[in-house]
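These notes are about the structure you will find just below.
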Amino acid sequence: MLETFGQNLREVLGPLAEWARHCYAQLIGPNERHDWLWLVSALIATDLLYRFWNRPKLEAFWSYAAPWRIYSHPSAVLDYKFIFVDRLVMLFVVGPMLVSALALGNWGSKLLAAWLGPGPAWTPSLTALIIFGAVRLLLFDLGHYIGHYILHKVPFFWEFHKVHHSAEVLTPVTAYRVHPVEEILVSVFQGPLQALGIAGFYYLYGADQTLMTFVGMNAVIVPYFLIGSLTHSHVWISFGPALEHIFISPAQHQVHHSTAPQHLDTNLAQYFSLFDWIGGTLYIPKGQETLDFGLSEGVDSELKTVWSLYWVPLKRAFGLLLGSYTPLTNAPGSETAKSVGA
Ligand SMILES: [Zn+2]
Ligand SMILES: [Zn+2]
């Protein structure tokens, strides 16, 4: 009797718990791009840096780490509202539309087995796991670079990417200010590219191998987190000219958000500025530069509400195709947002 009750309870609660776990993972749980750890580690990193450089009092730390004028700015407030809606949109609407690297990789490993015969099923050493993690991260970032390049250079897609660049102040929450069309476009490149690495790994080591992760993230990027969390922030961290040819520093991404003409369309990679160097989009800061964030021609008066961040890009992008919307110039990244007949 008690056993049957326990079994029934498990049958009811099991799927519920699984659903709750799934929601947690999608809404606030970790993945490579959006992670609550970004927020926590941003504060920890800022704290460590500030202690290291300034040996502060606690109040001074808070005014340094989270200046009220930045975190209460209307642009930051819009980010806070957007993130709640966006997590739900990602969970229920866009998530299933993203190209899954794991599913593709799994399929690819089966294809390899069909062509070459069964894989050797080796047991991966720590070195092999680290190399695989690094290769996967490189492929992930190459996909990001290609997608980001298209978002900047193709006027249709730039309309969607303006959502991210319309932020007038940068906080760690700004990383989430991304239109769903941008998420889908980037996954079209990131998914298959990562899948190449995953398919090879699964073929050699077996698909039941756990990929090297730390709380759901590619373990290789964990050390990057303390610094990377300050990418969207007012804290200037440069790695110096030599390293900034290989790894993107927070300062370089802040330059990417700058409205100055010399900064437009530069530093498109997420982790490896190597791709910018190869692709001719690298910008190395000349010392600490003073930056204004946002769109180059000033504030876009139409991108001011959560609804408008979703709707206006769709209206403009398709208006561009149909000839009912004309940006002031044809150069993506430098035109004023202006709707005709909107
Ligand atoms: Zn951009
Ligand atoms: Zn950004």
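The values are calculated or read from the model by the stated rules, or taken from the named source; none is laboratory data. A quick note: this is a predicted structure, and the numbers were derived from the prediction, not measured. We place every Cβ from the backbone using ideal geometry, glycine too, and count neighbours over all the protein chains shown. Heads up: the accessible areas ignore ligands, DNA and RNA and are worked out on the full protein's heavy atoms, side chains in. Shrake-Rupley method; radii C 1.70, N 1.55, O 1.52, S 1.80 Å.
Here are the numbers:
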| item | result |
| --- | --- |
| Residue match in segment 115-124 (condition: touching a Lys or Arg at 6+ places or on another chain (Cβ under 6 Å) and without any contact (Cβ under 8 Å) to a residue 24 or more places away in the chain) | no |
| Meets criteria (of a type in the set (D, E, K, R) and at pLDDT 95 or above) for Lys315 | yes |
| Single residue of Gly287, Gly319 found to be more than 16 Å from ligand 1 (Cβ to nearest atom) and either loosely packed, with under 15 Cβ neighbours inside 10 Å or hydroxyl-bearing (Ser, Thr, Tyr) (or both) | Gly287 |
| Residue check for Pro192: under 20 Å from Leu112 (Cα atoms) and away from ligand 2 (no atom under 16 Å from the Cβ) | yes |
| Cross-chain or 6+ apart pairs with Cβ under 6 Å, segment 160-183 first and without any contact (Cβ under 8 Å) to a residue 24 or more places away in the chain and within 11 Å of His257 (Cα to Cα), then open to solvent by less than 10 Å² (accessible area, probe 1.4 Å) and not hydrophobic (A, V, I, L, M, F, W, C) | His164/Arg177 |
| Pick from segment 231-282, criterion at positive phi and over 20 Å from the mean Cα position of the chain (by Cα), ranking: most open to solvent (accessible area, probe 1.4 Å) | Gly280 |
| Hits in segment 245-293 (condition: aromatic (Phe, Trp, Tyr), away from ligand 2 (no atom under 15 Å from the Cβ) and not in a loop (DSSP other than H, G, I, E, B)) | Phe275, Trp277 |
